[in-house]
Every structure is written in structure tokens, then in C-alpha cells.
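J.: My questions all concern the structure below.
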Amino acid sequence: MRLLPRPRQIVPSVLSASFAHLAQDVRVVQDAGAQSVQIDVMDGHFVPNITVGPIVIESLRKETSIFLDVHLMIENPLKFAAEFAKAGADLLTLHYEACPQPLEAIQAVKKLGVRVGMAIRPKTSVDVFYPLLKELDLALVMTVEPGFGGQAFMPDMLEKVRVLRQRLGPICSTQIQVDGGINAKTAPLAAQAGADSMVAGSAVYGASDVPRAFRDLQTLIDFPH
């Protein structure tokens, strides 16, 4: 089981990359200093869009050593978790809203030998994380509605991050991630609120100079903790 990348990092989302050159686009951000990339898995049910399956994870794993952060925006995530773990995912993030028994789901993923995260949609209370934090490697606060890239950041979600950071305290090793609408303006706000990692799609891959866009975003959040 690989360690999570260090806190305070920009995590490029390959949803905004070119799927015709996916491995190349991943290597571009890795060479620029990215420690992980996020891969959004959507099923057309939990969210209205459809993206990729385990075969894409398996193909990327053969082409790159980067940490693969796989966000399962799907119904019945445990039905497919073993396939994604076998394909080479390093972290599987489930959605609380898709897990009738979240603690059991987290423990089941851990048995697969990968890191485990739990995500909440904007309408879900941050309180649902509290009984789970000691079991989680990562808690993901969605700052947009899941399912589509390029949405506007929801600033009221930052309060969830602040509350969660206070709740975690100095001892708990669970990392806080935010996902959605991250750019040069919102990345520092999320970091100041207490987020460890910020998923950025179009702000990285939509730029004319992808390596520079990544490095500029990373610089913006590299202030003292």
C-alpha cells in the first residue's frame, strides 16, 4: 500500500486532459512536480455523466508511477472496488451517499490493500464524517455538484473544510481534499481553510502551458502550514 502524497498539493484531474493522449498528459504534470492525479469514474446513475472504467486505470498504471487517486462517483461502489484496486488504483474514494453502510464500505476497501477516501456532496452535512475519520485516509469535500467539470466553486463549502480541520486536530492523519472549481483564486482559499489537497482540472489542463499552470497553482498554496 503506497503512502498518500504529502499534504498541501494540487492534484490534476485527468477529466480535463486529452483522452487521446492520456498517458502523455499524466506524464506532463508528473514531470512538472505533481505527486498524484485524480481519475473521475462516473456511471451515468449516481451522476448523469459517464467516464471511464478499470481498463483505463490499468492502462495508465502501465505507463506511469504517479499516485492514482480514483474518485468513484458511482452507485454500488463495492461491486467494482476490487476491479479498480487490481487495475492499479492507489486510493479509492467512495461517496457517502452511495454507501448505505459507510464504515463497512471503508473497511472493505482497506482489505483490498489500497488507501480509502470518502466524499460528500455539497448538500451532505460534514457531520457524517465524524464517526469515520479514524478509518479514513482522506475526506473529500465536494465544492461543486459531482458529475461535470468546469463548474463554479461554491465558497460556502469552505466552512465545512474549516470545521473538519478543527475536528481532526493535530493528531489524526486523515487528509482533507476539495474538488471542484479550483483555480488561482480558489486554491489559496481552500488551503487557508485547511485543505491538504485541491483537485484542479481545467485550471491545469485547460491552460496553454500545462506545466506552468500546475506549478503556478502549487506555488499559490505552498505557504507555511
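The values are calculated or read from the model by the stated rules, or taken from the named source; none is laboratory data. Being a predicted model, the structure only gives us computed values, none of them experimental. Note that we place each Cβ from the backbone using ideal geometry, even for glycine, and neighbour counts take in every protein chain shown. Remember, those area values only see protein heavy atoms, side chains included, never the ligands or the DNA or RNA. Shrake-Rupley method; radii C 1.70, N 1.55, O 1.52, S 1.80 Å.
J.: Kindly establish whether Gln166 is out of contact with any Lys or Arg (no Cβ under 6 Å at 6 or more places or on another chain) and more than 19 Å from Ile10 (Cβ to Cβ).
T.: So Gln166 fits the description; yes.
J.: Okay, moving on. Condition first: open to solvent by less than 10 Å² (accessible area, probe 1.4 Å), within 23 Å of Glu145 (Cα to Cα) and part of a helix (DSSP H, G or I). Now tell me which residues in the range 51-83 satisfy that.
T.: If the condition is that a residue be open to solvent by less than 10 Å² (accessible area, probe 1.4 Å), within 23 Å of Glu145 (Cα to Cα) and part of a helix (DSSP H, G or I), then Pro77, Ala81 are the ones that fit.
J.: Counting just the residues of the range 110-125 that are free of Cβ contacts under 8 Å to residues at least 60 places away in the same chain and open to solvent by less than 20 Å² (accessible area, probe 1.4 Å), which one comes out nearest to Val70 (Cα to Cα)?
T.: Val116
Yes or no, residue by residue, for (1) among the acidic types (Asp, Glu); (2) buried (at least 22 other Cβ atoms within 10 Å of the Cβ):
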| site | (1), (2) |
| --- | --- |
| Ala108 | no, no |
| Asp127 | yes, no |
| Pro146 | no, yes |
| Glu159 | yes, no |
| Gln166 | no, no |
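J.: Something else about it: Given the conditions (1) over 15 Å from the mean Cα position of the chain (by Cα); (2) surrounded by 24 or more Cβ atoms within 10 Å (Cβ to Cβ); (3) not basic (Lys, Arg), and given that Met198 satisfies all but one, which numbered condition is not satisfied?
T.: Here Met198 clears every test but (1).
J.: Touching a Phe, Trp or Tyr at 6+ places or on another chain (Cβ under 7 Å), among the small types (Gly, Ala, Ser) and at pLDDT 95 or above: is that true of Ser13 in this structure?
T.: No: the conditions fail for Ser13.
J.: Of all residues in the range 169-190, which are polar (S, T, N, Q), open to solvent by 40 Å² or more (accessible area, probe 1.4 Å) and under 18 Å from Val11 (Cα atoms)?
T.: Residue satisfying the conditions is Asn183 alone.
J.: State the number of residues belonging to the range 6-50 that are of a type in the set (Lys, Arg), within 15 Å of the chain's Cα centre (by Cα) and open to solvent by 40 Å² or more (accessible area, probe 1.4 Å).
T.: Total satisfying the criteria: 1.
J.: Just checking, how many residues over the range 168-185 are over 16 Å from the mean Cα position of the chain (by Cα) and farther than 16 Å from Arg6 by Cβ?
T.: 7
J.: For Ala119, only one of the following conditions fails: (1) out of contact with any Asp or Glu (no Cβ under 6 Å at 6 or more places or on another chain); (2) not in a strand (DSSP E or B). What is its number?
T.: Ala119 satisfies every listed condition except (2).
J.: Among the listed residues Phe223, Phe148, which satisfies the condition of being more than 18 Å from the chain's Cα centre (by Cα) and touching a residue at least 24 places away in the same chain (Cβ under 8 Å)? Talk me through it step by step, then tell me what you get.
T.: Details: Phe148 fails: more than 18 Å from the chain's Cα centre (by Cα).
Just one listed residue meets the conditions, Phe223.
J.: Quick one: in the range 201-225, which of the residues that are of a type in the set (Val, Ile, Thr) and under 18 Å from Val14 (Cβ atoms) is most open to solvent (accessible area, probe 1.4 Å)?
T.: Val210
J.: Please verify whether the range 125-132 includes one or more residues that are acidic (Asp, Glu), more than 16 Å from the chain's Cα centre (by Cα) and modelled with pLDDT of 95 or more.
T.: Among the residues of the range 125-132, at least one is acidic (Asp, Glu), more than 16 Å from the chain's Cα centre (by Cα) and modelled with pLDDT of 95 or more, which makes the answer yes.
J.: Tell me which residues, restricted to the range 84-101, are within 21 Å of Val199 (Cα to Cα) and part of a loop (DSSP other than H, G, I, E, B).
T.: Result: Gly88, Ala89, Asp90.
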